[in-house]
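Here is the structure we will look at.
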Amino acid sequence: QVQLVESGGGLVQPGGSLRLSCTASGDLFRFYTMRWYGQTPGKQRELVAAISSGSGGTTNYADSAKGRFTISRDNAKNTVYLQMNSLKPEDTGVYSCNAIVGPMSTIGGTWGQGTQVTVSS
């Protein structure tokens, strides 16, 4: 089973940027649809962004992420990225990546351990 390791979280001031990375094990990364989820304090985990398998030609974003976040993938590096710009305090939370085989709406999949993002002055 694929294993996922996230990195890139940290403390950033409002308006700042972070790039999260999620690296997968094995040789089948290109076949996975990849998703980033965020869990802010007191709320359920929510889908932030998703990218299709293969070349990643299809992406999907939560309304809160549109225009600020960009998901991308590098199959040669087995890595999916989440570029987060214009960060707000309400973006604070734990961000986890998720790998699935199938369409973006597929339930379940494999999870990473998460990385903490804190937006604060």
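So which of Thr115, Thr70 is open to solvent by 10 Å² or more (accessible area, probe 1.4 Å), closer than 21 Å to Thr23 by Cα, touching a Phe, Trp or Tyr at 6+ places or on another chain (Cβ under 7 Å) and among the hydroxyl-bearing types (Ser, Thr, Tyr)?
Numbers: Thr70 fails: touching a Phe, Trp or Tyr at 6+ places or on another chain (Cβ under 7 Å).
Every option except Thr115 fails the conditions.
Write out, first by first residue and then by second, each pair whose Cβ atoms fall under 6 Å of each other, whose residues are 6+ apart or on separate chains, and whose first residue, in the stretch 27-50, is of a type in the set (S, T, N, Q) while the second is surrounded by 15 or more Cβ atoms within 10 Å (Cβ to Cβ).
From the stretch 27-50, the pairs are Thr33/Ser52; Thr33/Ser53; Thr33/Ile100; Thr33/Met104; Gln39/Arg45; Gln39/Gly93; Gln39/Val94; Thr40/Gly93.
Scanning the stretch 14-36 for residues that are crowded, with 17+ Cβ neighbours inside 10 Å and of a type in the set (S, T, N, Q), which turns out nearest to Ser86 (Cα to Cα)?
Let us first name the residues in the stretch 14-36 that are crowded, with 17+ Cβ neighbours inside 10 Å, namely 18, 20-24, 29, 32-36.
This time we only want the ones that are of a type in the set (S, T, N, Q), so: 21, 23, 33.
Numbers: Ser21: 18, Thr23: 24, Thr33: 26 Å.
Filtering first and then ranking leaves Ser21.
Could you list, in sequence order, all residues of the stretch 41-58 that are assigned to a loop (DSSP other than H, G, I, E, B) and out of contact with any helix residue (DSSP H, G or I) (no Cβ under 7 Å at 6 or more places or on another chain)?
Filtering the stretch 41-58 for residues assigned to a loop (DSSP other than H, G, I, E, B) gives 41-45, 52-58.
Of everything in the stretch 41-58, those that are assigned to a loop (DSSP other than H, G, I, E, B) and out of contact with any helix residue (DSSP H, G or I) (no Cβ under 7 Å at 6 or more places or on another chain) turn out to be Pro41, Gly42, Lys43, Gln44, Arg45, Ser52, Ser55, Gly56, Gly57, Thr58.
Restricting to the stretch 1-13, count the residues that are assigned to a loop (DSSP other than H, G, I, E, B) and crowded, with 16+ Cβ neighbours inside 10 Å. Reasoning before the result, please.
Filtering the stretch 1-13 for residues assigned to a loop (DSSP other than H, G, I, E, B) gives 1-3, 8-9, 13.
After this cut, where a residue has to be crowded, with 16+ Cβ neighbours inside 10 Å as well, the list is 2, 8-9.
Summing the residues that are assigned to a loop (DSSP other than H, G, I, E, B) and crowded, with 16+ Cβ neighbours inside 10 Å in the stretch 1-13 gives 3.
Identify, please: which residue in the stretch 37-52 is under 14 Å from the mean Cα position of the chain (by Cα) and of a type in the set (Gly, Ala, Ser) and is, among those, most open to solvent (accessible area, probe 1.4 Å)?
If we take residues in the stretch 37-52 being under 14 Å from the mean Cα position of the chain (by Cα) and of a type in the set (Gly, Ala, Ser), then Ser52 is most open to solvent (accessible area, probe 1.4 Å).
The values are calculated or read from the model by the stated rules, or taken from the named source; none is laboratory data. Everything quoted here is computed from the prediction, not taken from an experiment. We place every Cβ from the backbone using ideal geometry, glycine too, and count neighbours over all the protein chains shown. Ligands, DNA and RNA are stripped out before the accessible areas are found, and what is left, the full protein with its side chains, is counted by its heavy atoms. Shrake-Rupley method; radii C 1.70, N 1.55, O 1.52, S 1.80 Å.
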